[in-house]
Amino acid sequence: MSNNYTTTGAIHEITQPEQAGEATKQSIILDVTDKPEYPTHAKFEFFGKLHDKFYQVLAGLSKGKTITLHWSISDREWNGKWFEGKRVWKIDTGEQAAPQPAQGQPAPFTPNTDDVAPF
């Protein structure tokens, strides 16, 4: 049985980052409705190191943007209580990052079309 899931939806809400002890937490609520008469939302929480990992991506998101989250179930017990969790390990925003040259490799040559040879 696989523990990896994918959820795509429009951002309904992004909470402000808040301190929880020494860690930071923030949530994204996605609208995953497939029938308008029955609105459905899913909450994904980014906490501690997970928040730190995705901080730049979270800061660039806005309400209404459609994204895809790749996640795993991550329930845990603490002091006899169980807490549900969805551990996001990848966020697809639909935007492709510019390819980066490999370590130690020169950047690819891009001709400057503003420079025209005088002959």
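The values are calculated or read from the model by the stated rules, or taken from the named source; none is laboratory data. Only a predicted model underlies this, so the values are computations on that prediction, with no experimental measurement involved. Positions of Cβ are backbone-derived with ideal geometry, glycine not excepted, and every protein chain shown enters the neighbour counts.
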Exercise. Of the conditions (1) under 15 Å from GLU13 (Cα atoms); (2) assigned to a strand (DSSP E or B), SER62 fails just one. Which one is it?
Worked result: (2)
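Only one residue in SER62, SER27 is at pLDDT 85 or above, surrounded by fewer than 14 Cβ atoms within 10 Å (Cβ to Cβ) and among the small types (Gly, Ala, Ser). Which one?
Values: SER27 fails: surrounded by fewer than 14 Cβ atoms within 10 Å (Cβ to Cβ).
That would be SER62, the only listed residue that is at pLDDT 85 or above, surrounded by fewer than 14 Cβ atoms within 10 Å (Cβ to Cβ) and among the small types (Gly, Ala, Ser).
Test of understanding: among TRP82, TRP71, which residue is touching a Phe, Trp or Tyr at 6+ places or on another chain (Cβ under 6 Å) and modelled with pLDDT of 90 or more?
Among TRP82, TRP71, only TRP71 is touching a Phe, Trp or Tyr at 6+ places or on another chain (Cβ under 6 Å) and modelled with pLDDT of 90 or more.
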Seminar exercise, completed: Note on region 27-60: residues in contact with a Ser or Thr (Cβ under 9 Å, 6 or more places away or on another chain), closer than 13 Å to VAL88 by Cα and of a type in the set (D, E, K, R) are LYS43, GLU45, ASP52
Seminar exercise, completed: Filtering region 24-60 down to residues that are touching a helix residue (DSSP H, G or I) at 6+ places or on another chain (Cβ under 7 Å) and of a type in the set (A, V, I, L, M, F, W, C) yields PHE46
Problem set entry | Every pair of residues 6+ apart whose Cβ atoms lie under 9 Å, when the first sits in region 82-108 and is closer than 24 Å to ILE11 by Cα and surrounded by fewer than 10 Cβ atoms within 10 Å (Cβ to Cβ) while the second is at pLDDT 55 or above and among the hydrophobic types (A, V, I, L, M, F, W, C) | GLY94/ILE67
